[in-house]
Amino acid sequence: MTHPRPATAPATSSTGTPGPVTRRPASRANRRRLVAVARGVAGVLALILVLELVSRSGLVDSRFLPPFTAVLGEAVLLWTDPQFRTDVGATLLTYVLGMLIASAIAIPLGTLFGLSNGVYRAARALIELIRPIPPVALVPLVLLVLGAGLEMKLVIVVFAAVWPIMFNTLYGVHDVDPYAKDMARSFGVGRFGIVRRIIIPSATPFVVTGIRIASSIALIVVITVELIAGGAQGIGAFISRERAYGDADSYLAVLAATITAGILGLAINMVIGWAERRFFGWDATTRGESA
């Protein structure tokens, strides 16, 4: 007697034992991210619509609140101005150099400080004492010593960006799972090997988070310093020059340059956020699920 053959055979695992065939569900983190992006876009579009209607309806004088479409058009036209492109390039150059220098200082120091409990406590207290100092408060002193140039901006930007990176590095290195380090020691891994194989990979997501936080601060500080210093090149210097004219066209250019600075900040943050999800998504997913 022959038995009917099943339509589908049960799936087997790598060990040969039967197991159910399952489809991997879509990541809840990806769905939440898409929902958050959609809500953000909807909020921005709603704000733009409100500003446009308020300006066009005459509720607010258009000299003080130009239509958003006019500001956006002026922002596009600004890119045809060679001087404005030079100013944007100067701001981005200061930002990139400042972030590189701050990372080169903060990551090694944060790693060294986090390896020892005693040094960790002392360094954390020192960082908490110095970190609240407003970077802009240093502008008069640094301006007097270095003048209104790239060096002056770099000093202030590095001072602003180094603390978030160092604090996150310090925290990430110190809070590595002690059981992982003990297991590595039980297998004969030396201190340098533990640092290289356990501590640095575990702390890297925290370091990247610190870089992302410092990135936003650095761009804000760059433009603020340019705006205060006046003589330096950059988006802030462009805004300062246009504001001095005081006419309606200059006011529109100031708003357009401000929108451009915001778009640059958003683009930089999105790029760093994408890199963080791309290379350290496992860490973000784990922390998100545990929350």
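The values are calculated or read from the model by the stated rules, or taken from the named source; none is laboratory data. Every value quoted in this text rests on a predicted model; they were computed, and no experiment measured them. Don't worry about glycine lacking a Cβ; one is built from the backbone with ideal geometry, like all the others, and counts go over all protein chains shown. Quick note on the areas: whole protein, heavy atoms, side chains included, nothing else; ligands and nucleic acids left out. Shrake-Rupley method; radii C 1.70, N 1.55, O 1.52, S 1.80 Å.
Could you give me the residue pairs with C-beta distances under 7 Å whose first residue belongs to region 113-140 and is of a type in the set (D, E, K, R), whose second residue is part of a helix (DSSP H, G or I) and open to solvent by less than 50 Å² (accessible area, probe 1.4 Å) wherever it lies, and which are 6+ apart or on separate chains?
Arg124/Leu170; Arg131/Trp163
Let me confirm something: among Ile156, Ile165, Ile133, Ile107, which residue is open to solvent by 60 Å² or more (accessible area, probe 1.4 Å) and within 29 Å of Leu266 (Cα to Cα)?
One residue alone meets the criteria, Ile133.
Go over the candidates Leu252, Leu264, Leu227 one by one and state the one that is open to solvent by 30 Å² or more (accessible area, probe 1.4 Å) and in contact with an Asp or Glu (Cβ under 7 Å, 6 or more places away or on another chain).
Leu252 is the lone residue from the list that is open to solvent by 30 Å² or more (accessible area, probe 1.4 Å) and in contact with an Asp or Glu (Cβ under 7 Å, 6 or more places away or on another chain).
What are the residues in region 194-221 that are open to solvent by 10 Å² or more (accessible area, probe 1.4 Å), of a type outside the set (A, V, I, L, M) and closer than 22 Å to Phe113 by Cα, if any?
Arg196, Arg197, Pro201, Ser202, Thr204, Phe206, Thr209, Arg212
Hey, does region 259-268 have a residue that's in contact with a Phe, Trp or Tyr (Cβ under 7 Å, 6 or more places away or on another chain) and modelled with pLDDT of 85 or more?
No, the conditions are met nowhere in region 259-268.
Considering only residues that are free of Cβ contacts under 8 Å to residues at least 12 places away in the same chain and open to solvent by 70 Å² or more (accessible area, probe 1.4 Å), which ones fall in region 78-95?
Trp79, Thr80, Pro82, Arg85
Within region 191-236, how many residues are in a helix (DSSP H, G or I), closer than 27 Å to Thr258 by Cβ and polar (S, T, N, Q)?
3
Has region 171-182 got at least one residue that is under 27 Å from Trp274 (Cα atoms), more than 19 Å from the chain's Cα centre (by Cα) and β-branched (Val, Ile, Thr)?
Yes.
Just checking, does region 49-66 include any residue being modelled with pLDDT of 80 or more, assigned to a loop (DSSP other than H, G, I, E, B) and within 34 Å of the chain's Cα centre (by Cα)?
Yes, because at least one residue in region 49-66 is modelled with pLDDT of 80 or more, assigned to a loop (DSSP other than H, G, I, E, B) and within 34 Å of the chain's Cα centre (by Cα).
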